[in-house]
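Okay, so here's the structure we're looking at.
The values are calculated or read from the model by the stated rules, or taken from the named source; none is laboratory data. Just so it is clear, the model here is predicted, and its values are computed rather than measured. Here Cβ is always computed from backbone atoms with ideal geometry, including for glycine, and neighbour counts include all displayed protein chains.
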Amino acid sequence: MTAIVAPIVAFIVVVLALVIVAKTVRIVPQARARNVERFGRYRKTLQPGMNFIIPMVDRVKPLIDLREQVVSFKGQPVITEDNLVVLIDTVLFFSVTDPRAADYEIVDYIQAIEQITATMLRSVIGSMDLEETLTSRDKINNMLRGVLDEASGKWGIRVTRVEIKAIDPPKSVVDAMEKQMRAEREKRAAILTAEGVRQSRILTAEGEKQSSILRAEGERQSQILRAEGQAQAIGTVFQAVHRNNADAKVLAYQYLQTLPQLAQSEGNTFWVIPSEVTTALKTLSGAFGGDSAGQPAVPTGPGPAADPAPAALTDGASAAVIDVGAGQPDPAADPAGNGDLATAEQAVAEQQARAHEELAHVEEEVAAVQREAGQFGPHQPA
């Protein structure tokens with residue numbers, strides 16, 4: 001019987017020893033703390049590591065986290081100075097510095113911090129209007145952190161940072177703000193567009209100005225060069241005429257060559273022949289088949305006897321008019337108005353044919369004169 005009881009007693013003793021050891025040793029993790037009460041009174045705070053207490057005498061309270069903690073408070077209604085209700089979300093960063101004060105000075109320090117945060121928000125935001133509230137977050141954060149740190153110091157808590165996470169104005173205010181921002185952006189866009197158009201017009205005007213100046217300079221230089229070329233050409237012709245001592249026949253022929261240019265313009269129905277042409281015609285007629293008096297031969301046609309233009313030339317008038325209209329007879333040639341149209345057209349055609357023949361004869365004579373001038377050299381005046 002004794003042999004059976006002894007192992008049982010030994011087993012019970014070992015179990016009791018293990019229970020006593022388990023109740024006596026308390027292991028606290030790093031950055032944690034536990035308060036110990038002896039007979040209901042605060043005894044000490046267990047530090048991280050292995051700690052020993054007296055079982056059945058000391059009572060160990062729950063763990064207290066000493067690390068920095070983050071708490072978010074949502075939807076705190078606050079009235080601004082201009083009587084607008086805004087909802088403010090805050091984020092609080094704090095840490096427990098005194099486990100004894102955090103355990104015995106206040107029941108729930110997180111709830112206490114939330115309430116004091118809402119109170120301080122109402123006090124701070126109540127002195128600001130909405131626009132200042134939206135643009136003064138740093139100021140609000142610093143004021144809240146100072147007040148909360150001072151109030152929570154006796155609770156063994158240190159507030160490290162307070163941040164305003166969101167400020168939600170009423171929907172009507174948000175719509176008004178969006179319209180205001182849209183108007184400001186449209187205003188800036190209109191100003192930038194106007195500035196761009198203004199700058200573009202200025203640059204365009206400057207470019208047109210420079211282009212006009214360069215174009216005018218080019219035209220001026222072109223006219224100067226053209227005038228210089230004409231002057232050189234006239235000088236060359238004048239020197240050649242005087243060097244070769246051209247006679248009146250050649251000059252008269254050259255003068256008559258300008259007559260076809262008078263009818264080149266569209267719409268001309270008559271020529272105005274200067275008085276100098278009559279002199280040239282007299283010279284040619286005297287040189288190539290004119291009468292003894294030096295008067296040019298006047299061709300006559302089978303139609304009405306007299307064409308006033310040749311008569312005017314032989315009489316030495318200052319100017320004569322030769323009608324080159326669309327086949328209509330000259331009223332001066334037939335003052336009575338009884339001339340036949342077909343006869344007048346035939347007479348004009350014959351006169352033109354004889355004029356072409358005479359011009360061809362003149363060209364042959366001039367060529368012969370030029371050949372003779374080339375063989376014997378320039379003629380020296382007596």
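Scanning the range 100-144 for residues that are closer than 24 Å to L63 by Cα and either in contact with a Leu (Cβ under 7 Å, 6 or more places away or on another chain) or among the aromatic types (F, W, Y) (or both) yields Y104, Y109, I113. Report yes if some residue within the range 140-147 is more than 15 Å from L121 (Cβ to Cβ) and surrounded by fewer than 16 Cβ atoms within 10 Å (Cβ to Cβ); otherwise report no. No, the range 140-147 contains no residue that is more than 15 Å from L121 (Cβ to Cβ) and surrounded by fewer than 16 Cβ atoms within 10 Å (Cβ to Cβ). None of T236, T193 is modelled with pLDDT under 90, assigned to a helix (DSSP H, G or I) and not hydrophobic (A, V, I, L, M, F, W, C) except T236. Checking I88 against (1) loosely packed, with under 14 Cβ neighbours inside 10 Å; (2) touching a helix residue (DSSP H, G or I) at 6+ places or on another chain (Cβ under 8 Å), which single condition isn't satisfied? Only one criterion in (1) loosely packed, with under 14 Cβ neighbours inside 10 Å; (2) touching a helix residue (DSSP H, G or I) at 6+ places or on another chain (Cβ under 8 Å) is unmet by I88, namely (1). The set of residues in the range 149-174 that are assigned to a helix (DSSP H, G or I), modelled with pLDDT of 85 or more and within 24 Å of I79 (Cα to Cα) contains only K171. Taken residue by residue, the range 107-127 has no member that is surrounded by 17 or more Cβ atoms within 10 Å (Cβ to Cβ) and part of a loop (DSSP other than H, G, I, E, B).
When each of V57, V96, V85 is tested for being of a type in the set (A, V, I, L, M), at pLDDT below 90 and more than 58 Å from the chain's Cα centre (by Cα), the lone residue that passes is V57.
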